[in-house]
Amino acid sequence: MSTESQSARYRVEPHARFRVMGDEGVFVLQEAGEVLVVNEVGAFIVEQLQAERTVEEIVIAITDRYAVDQDRAQADAKSLLDALLGAGAIRQA
């Protein structure tokens, strides 16, 4: 992940609703009429977005909370953010 990507901030789209339910997170994309479900780590990442953290800060939070190394945390965060961007659930702030 480039330095520019690491310092990027993302936010949940205004038309999207996100809620944690059990160990998963659920997005309701009102405009698209779709529902997206993310796993426990995905829900944790989205909660970090709501706190307006940078991607770099999110990666640190993932490594602090879960027993993964920084490379794995970066790959997981990038993969999820790319998927959520593509789905229209989040946007770059």
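The values are calculated or read from the model by the stated rules, or taken from the named source; none is laboratory data. Computed from a predicted structure; not experimentally measured. No Cβ is skipped: glycine too gets one built from the backbone with ideal geometry, and neighbour counts run over all protein chains shown. Ligands, DNA and RNA are stripped out before the accessible areas are found, and what is left, the full protein with its side chains, is counted by its heavy atoms. Shrake-Rupley method; radii C 1.70, N 1.55, O 1.52, S 1.80 Å.
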**Q.** Gaussian network model of the chain, springs between alpha carbon atoms under 10 Å - residue of 72, 53, 11 with greatest fluctuation
**A.** 72
Q: Using θ = phi - 60° and the Karplus relation 6.51 cos²θ - 1.76 cosθ + 1.60, list the HN-Hα couplings for the stretch 26-35 in order, rounded to whole Hz, with x at every Gly or Pro.
A: 10, 9, 10, 9, 4, 5, 8, x, 10, 10
Q: Find the relative contact order for the stretch 1-55 and round it to a whole percent, using C-alpha pairs within less than 8 Å whose residues are 6+ positions apart.
A: 39
Q) GNM, the chain, Cα, under 10 Å: largest mean-square fluctuation among 20, 68, 38? A) 68
Q) Hey, with R₀ at 35 Å, roughly what FRET efficiency would residue 67 and residue 34 work out to, going by the Cβ-Cβ distance, to 0.05? A) 0.60
Q. Taking the structure as given and computing mean projected area of the Cα convex hull in nm², which label from [x] 6.5; [y] 5.5; [z] 9.7 fits?
A. [y]
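Could you state the accessible area per residue of the chain in Å², with a 1.4 Å probe and every protein chain left in place?
Here the per-residue accessible area is 60 Å².
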(Q) Using only Cα atoms and rounding to the nearest 10 degrees, what angle (0 to 90) does helix 70-87 make with the longest principal axis of the chain? (A) 20
Q) With θ set to phi - 60° and the Karplus curve 6.51 cos²θ - 1.76 cosθ + 1.60, what are the ³J(HN,Hα) couplings of the stretch 56-63 in order, to the nearest whole Hz, using x for Gly and Pro? A) 4, 5, 5, 4, 4, 5, 5, 5
Q.
If I fit a long axis through the Cα atoms of helix 40-50 and take the longest principal axis of the Cα atoms of the chain, what angle between them do I get, 0 to 90°, rounded to 10?
A. 80
